[in-house]
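The values are calculated or read from the model by the stated rules, or taken from the named source; none is laboratory data. Nothing here was measured: the structure is a model prediction, and the numbers come from that model. Quick reminder, even Gly has a Cβ in these numbers, built from the backbone with ideal geometry, and neighbours come from all protein chains shown. Please note that ligands, DNA and RNA were not included when accessible areas were found on the heavy atoms of the full protein model with its side chains. Shrake-Rupley method; radii C 1.70, N 1.55, O 1.52, S 1.80 Å.
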Amino acid sequence: MAKTALVVGVSGIVGSATAAHLAAEGWDVLGLARKPAPQAGVRPIAADLQDEALLAAALAEVEPEAVFITTWSRQATEAENIRVNAAMVRNLLDGLRPAGSVRHVALVTGLKHYLGPF
């Protein structure tokens, strides 16, 4: 039986590459983005991480074992970066909690995370 992964930020460079790699390895891949583009081997889920209610509704029928968070929203200050991005992760995990399927969560970071609001 194939494992199921949810790639959050699937429309970005890292997210689309992660989804492609997982699909090539035989995973059942779900790709979440506000506007997910069609990608071979990826079932798109359209949702905004900042809209808690609509996100929960979009995730109601999914049961991923692994979650790869590859998105980040740049804000004007580091305090706002923390507030907004922490809320997005919290909303995501709260939306997935009812299924009880998640066994692993990976937060994928890159240069934009280290530069902050400079």
Residue pairs qualifying under the 7 Å Cβ cut-off, at least six apart or on distinct chains, with the first in the stretch 25-49 being under 11 Å from Gly12 (Cβ atoms) and the second being outside any strand (DSSP E or B) and among the hydroxyl-bearing types (Ser, Thr, Tyr), are Ala33/Ser11; Pro36/Ser11; Ala37/Ser11
Which residue, of Val10, Val14, is closer than 17 Å to Ala106 by Cβ, in a loop (DSSP other than H, G, I, E, B) and touching a residue at least 60 places away in the same chain (Cβ under 8 Å)? Val10
Can you spot a residue in the stretch 2-12 that is of a type in the set (S, T, N, Q), closer than 19 Å to Asn85 by Cα, within 13 Å of the chain's Cα centre (by Cα) and open to solvent by 60 Å² or more (accessible area, probe 1.4 Å)? yes
The residue that is farthest from Pro64 (Cα to Cα), considering only those in the stretch 19-35 that are under 11 Å from the mean Cα position of the chain (by Cα) and open to solvent by less than 40 Å² (accessible area, probe 1.4 Å), is Ala33
Output for the stretch 66-86, where each listed residue is within 18 Å of Val10 (Cα to Cα) and open to solvent by 70 Å² or more (accessible area, probe 1.4 Å): Arg74
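Okay, residues lined up against (1) free of Cβ contacts under 8 Å to residues at least 24 places away in the same chain; (2) open to solvent by less than 50 Å² (accessible area, probe 1.4 Å); (3) at positive phi; (4) under 14 Å from the mean Cα position of the chain (by Cα):
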{"site": "Ala60", "(1), (2), (3), (4)": "no, no, no, no"}
{"site": "Met88", "(1), (2), (3), (4)": "no, yes, no, yes"}
{"site": "Ala99", "(1), (2), (3), (4)": "no, yes, no, no"}
{"site": "Thr109", "(1), (2), (3), (4)": "no, no, no, yes"}
